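Just below is one structure, and these are the notes that go with it.
The values are calculated or read from the model by the stated rules, or taken from the named source; none is laboratory data. Quantities reported herein were computed from a predicted structural model and do not represent experimental measurements. For neighbour counting, all protein chains shown are included, and Cβ atoms are generated from backbone atoms with ideal geometry for every residue, glycine included. To get the accessible areas, we keep the full protein, side chains included, count just its heavy atoms, and leave off ligands, DNA and RNA. Shrake-Rupley method; radii C 1.70, N 1.55, O 1.52, S 1.80 Å.
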Amino acid sequence: MTQSPPRPRPHRVELLTRDGCAICLRVYAQLAELAGELGFDLVSTDVDAAASAGHPELRAEYGDRLPVILLNGSEHSYWEVDEARLRADLGR
């Protein structure tokens, strides 16, 4: 019996946000559309909620630049989606 090669795991895009951030909502909508097209996993994390839950590191590091986009755990861009760069980085 032949075993098929392991299926590659999709990239993970995490959007760091905070409640009441209108730019965050716009960026999330843009990323959600791209996720449907490009097949990456999209999650959203409210940095203030994370801090209240005992994890202040995201708010401490990124709280003044929201929204921030992390690609596979590393900062990719902030304030807006750099779509050309994101497409290129997802293709690697």
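Overview of values
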{"item": "Cβ charges +1 (Lys, Arg) and -1 (Asp, Glu), total dipole of the chain, debye", "result": "360"}
{"item": "Helix-derived mean residue ellipticity, 222 nm - over the chain, DSSP H n ≥ 4, -39500 (n - 2.57), to 500", "result": "-11500 deg cm²/dmol"}
{"item": "Dimensionless Rg ratio for the chain, taking C-alpha atoms and the 2.2 N^0.38 Å reference", "result": "1.21"}
{"item": "5 angstrom amide H check on Asp46, placed H, neighbours 5+ away", "result": "Thr17"}
{"item": "Solvent-accessible area per residue for the chain (1.4 angstrom probe, square angstrom)", "result": "67"}
{"item": "Selection of GluC sites (Glu not before Pro), region 25-92, meeting DSSP coil and at most 14 other Cβ within 10 Å", "result": "Glu80"}
